[in-house]
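Taking it in order: structure first as C-alpha cells, then the write-up.
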Amino acid sequence: MAKVPEHFSWITRTFGKAMKTHERFGRELLAAGPLSRKQAQLVQLAAAAAVRSEGAVHSHVKRALTAGAKPAEIYHTLMLLTSTIGFPAVSAALSWAREIIEPKS
C-alpha cells in the first residue's frame with residue numbers, strides 16, 4: 001500500500017495505543033461478518049463519499065484496489081450513490097478516486 005499521509009502518521013505516533021485499538025476493532029468487525037474484504041472496502045468507500053471526506057475516499061480506494069477491486073467496480077460503487085447523495089457529491093468522489101486510480105505523472 002502507498003505511503004500514508006503525514007497527518008495520519010502523526011496521529012498514530014501521538015495516539016499509538018488508541019490507534020492500535022481502533023485498527024484491531026476494524027479487523028474484528030470485518031471478521032465478524034459475511035462480507036469479503038473487497039466488499040467491505042467498497043461499502044466504506046461509499047460511506048466516505050457520502051460524508052464528502054476526500055482523505056477517506058483516497059484511503060478506501062487504495063484499500064479496495066489492494067483487496068482486489070477493479071477500477072470499474074470502484075467507479076460503479078460511487079455512481080450508484082447518485083440518487084442518494086446527489087450528483088455533485090458523486091462527481092467530487094469520482095475525482096478523488098481518479099487521483100488514486102489514474103494519477104497524473
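Counting pairs of alpha carbon atoms under 8 Å apart in space and at least six apart in sequence, what relative contact order in percent does the chain give?
25 percent
Which net charge results for the neighbourhood of Thr66, defined as the other residues with beta-carbon distances under 10 angstrom from its beta-carbon, given Lys and Arg at +1 and Asp and Glu at -1?
+4
Using the 2.2 N^0.38 Å rule of thumb for compact globular proteins, work out how the chain stacks up: its C-alpha Rg over that value, please.
Rounded to two decimals, the normalised Rg is 1.10.
Which part of segment 85-105 falls in the paramagnetic zone of Glu54, meaning amide N under 14 Å from the point 7 Å along Cα-to-beta-carbon?
Within reach of a label on Glu54, which here means backbone N under 14 Å from a point 7 Å along Cα→Cβ, segment 85-105 contributes 92-100.
Can you list which of the trypsin sites (Lys or Arg not before Pro) found in the chain are DSSP loop residues with at most 13 other C-beta atoms within 10 Å?
Lys3, Lys104
What distance in nm separates the simple spin-label points at Ser83 and Trp10, each placed 7 Å from Cα in the Cβ direction?
4.3 nm
Tell me, what is the per residue accessible area of the chain in Å², probe radius 1.4 Å?
68 Å²
With the full set of protein chains in place, find how many percent of the accessible area of segment 60-104 is carbon and sulfur; take the probe as 1.4 Å.
60 percent
The values are calculated or read from the model by the stated rules, or taken from the named source; none is laboratory data. Because the structure is a prediction, the values reported are computed rather than measured. Quick reminder, even Gly has a Cβ in these numbers, built from the backbone with ideal geometry, and neighbours come from all protein chains shown. These area figures cover heavy atoms from the full protein model, side chains too; ligands, DNA and RNA do not enter into them. Shrake-Rupley method; radii C 1.70, N 1.55, O 1.52, S 1.80 Å.
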